[in-house]
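Undergrad: One structure follows; several queries about it will come next.
The values are calculated or read from the model by the stated rules, or taken from the named source; none is laboratory data. These figures come from a predicted structure and were not determined experimentally. With ideal geometry, Cβ positions are generated from the backbone for all residues, glycine too; neighbour counts draw on all protein chains shown.
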């Protein structure tokens, strides 16, 4: 029985290909039906905005949410101080 072999981790054949929007985890010879098990975790990063390039989207969005919340709370406090609401 032929066994699957992964390509060296330094090989460009494995990993994420942004051009194809796909990830290669294993390369197996033709005709072999590999039985693969594993645990995966994925993260999203922000690209295209220089100041946050490569940062995980989760942390960027949390930070942005905090900024918006502080602005809204400050606006509400100022409106209360001016008796607008």
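Undergrad: Does at least one position in the stretch 66-82 carry a residue that is part of a loop (DSSP other than H, G, I, E, B) and either on the phi < 0 side of the Ramachandran plot or surrounded by 10 or more Cβ atoms within 10 Å (Cβ to Cβ) (or both)?
TA: Within the stretch 66-82, one or more residues are part of a loop (DSSP other than H, G, I, E, B) and either on the phi < 0 side of the Ramachandran plot or surrounded by 10 or more Cβ atoms within 10 Å (Cβ to Cβ) (or both).
Undergrad: If residue 40 meets every condition in (1) in a loop (DSSP other than H, G, I, E, B); (2) modelled with pLDDT of 80 or more; (3) exposed (fewer than 10 other Cβ atoms within 10 Å of the Cβ) apart from one, which number is that one?
TA: The number of the failed condition is (2).
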